[in-house]
1. Mind checking whether some residue in region 204-225 is modelled with pLDDT under 90, in contact with a His (Cβ under 8 Å, 6 or more places away or on another chain) and farther than 26 Å from Lys285 by Cα?
2. If you scan region 284-304, which residues turn out to be β-branched (Val, Ile, Thr) and surrounded by fewer than 18 Cβ atoms within 10 Å (Cβ to Cβ)?
3. Among the numbered criteria (1) among the small types (Gly, Ala, Ser); (2) open to solvent by less than 20 Å² (accessible area, probe 1.4 Å); (3) at pLDDT 85 or above, which one does Ser416 miss?
4. So which helices (runs of 4 or more DSSP H) are wholly in region 79-195 and hold at least 3 residues that are open to solvent by 30 Å² or more (accessible area, probe 1.4 Å) and at pLDDT below 85?
5. Only one of these is in contact with a Lys or Arg (Cβ under 6 Å, 6 or more places away or on another chain), at pLDDT 65 or above and surrounded by 13 or more Cβ atoms within 10 Å (Cβ to Cβ): Leu435, Leu429. Name it.
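The values are calculated or read from the model by the stated rules, or taken from the named source; none is laboratory data. Since the model is a prediction, treat every value here as computed from it, not as a measurement. Please note: Cβ atoms are built from the backbone with ideal geometry, for glycine as well, and neighbour counts cover all protein chains shown. SASA here: full protein model, heavy atoms, side chains in, ligands and nucleic acids out. Shrake-Rupley method; radii C 1.70, N 1.55, O 1.52, S 1.80 Å.
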Amino acid sequence: MSEPLSPPPPVEPTTNDGDSSAGSTRSVSVSLMLRLGALMFVQYAALGLWSVTVGTYIGENTAPAGTAMFSSSFVGLAGIASAVGALVAPLLFGALADSWFRTDRMITLLNLACGAMLVLMWSSTNQWWFLAAIIGYYQCSVPALTLTHSLTLRHLAGSRELFSIVRASGTAGWILAMVIVGSLVPWYWGMPSKLVDASTWPMKMGATVHGVMIILSFALPKTMPQAGRGSWRTLLHGCRALLAMRPRLVRFLIVSFIATISAQFYNTFANLYLNNKGVENAATKLSLGQVVEIVCMLLLPVLLVRWGPKRVFMIGVVAWIVRFLCLAYGSTEGLGMALIYTAIMLHGVCYVFVYITGYIYVDHAATPHTQSAAQGMLAMATSGLGHFSGSLLSGFMQARYLTPAGVEVPPYDWRSFYMVAAGVSVVALVLFFVLMGFKREVMPDDIDPHEAV
């Protein structure tokens, strides 16, 4: 039985295209949808151009291979960078956007910083400078993505069912980025895709797209802070009150944290896994997961009403278990290759049913004055603590199963590596039942904060 929760406070009505607040019922103009869609498309394309292949870049330049710039287990260490960027930065920048600065201008400045960090990354000749640059990148890119979601949800207030459609354009940008790196560039240059993945060119292209994003951001709707200038104590009190009023939100954040620990086993190592297995055009094949992701996003509004958010989330966690089992037993021969393709395509279910459900729920659970900060708390729990823990665990498992000390040619025991990830997802599923239960919740039109998750 769910505990009683206070309803969110009423908010003022807004206009179609300017500054807006959550909670009003209104139509959304085509012009606004196109601008928000373009924002998502370019923002995710910039990240997708290089982040998928960076594991291969590091792996192919780990001593004694390539430039020998990186040491064993550095793939997992570099994966920590994205998690570190999500520990504090999203909440910090979310609070700034809620109370002090325009969200659209903050997105502009953060993309400028992202481009600068990519320049430092591709020019680095030392693994520690590279690590510093990639940490700096994620300190800016994670809050940029969080603010992108916050800005989109804010301008879609009253029509939040459109969020998954707008967010699908971000996935389309990611797919295009992976096709460019995984197929078009190798075809145009006449070289194997693995050589492109192992080069600095994906980072150079990513920096260029961040420049495009800076230009595009000036066409974003003007998005002023909602809470008015206040003290940090006021902001922290607001976040604390939000958690106190929404005990289900606290439990949801805990479950989300555990569920996303195993994400780094796929995010960081999938491209290296396919290249190591001898799969051609690895980045392009990984984009099949994003194709399914778009389908899942378009279906999500219907599924949330039909099944309820708890069952949608649970199906997402089960999909993670199946995905890792498929990777553990995958090979390039016969049924093994079918298992690899199944694992790739399950990525869409894994991501949308866990992460996107979380974005929508947290937006409904927050008050209008804490929406950006609430999204920051979710990012801290998932992309921050969850991915940080997963990076440490996957890095340790890499050193144990993929690049053992004293072995010049790593044996790459992928089965043991991915069975560990499957075990973590099983723990998340059990915790889900313990903390959240399995009562079916059907919502007629919208997600009610009293019932969601």
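1. Scanning region 204-225, I find at least one residue that is modelled with pLDDT under 90, in contact with a His (Cβ under 8 Å, 6 or more places away or on another chain) and farther than 26 Å from Lys285 by Cα, so the answer is yes.
2. If we filter region 284-304 for residues that are β-branched (Val, Ile, Thr), which is where we start, we get 284, 291-292, 294-295, 302.
Correct list: Val291, Val295, Val302.
3. Unmet for Ser416, out of (1) among the small types (Gly, Ala, Ser); (2) open to solvent by less than 20 Å² (accessible area, probe 1.4 Å); (3) at pLDDT 85 or above: (2).
4. On the way: elements: 89-99, 103-123, 127-155, 163-179, 185-189.
Hits in region 79-195: 89-99.
5. Just one listed residue meets the conditions, Leu435.
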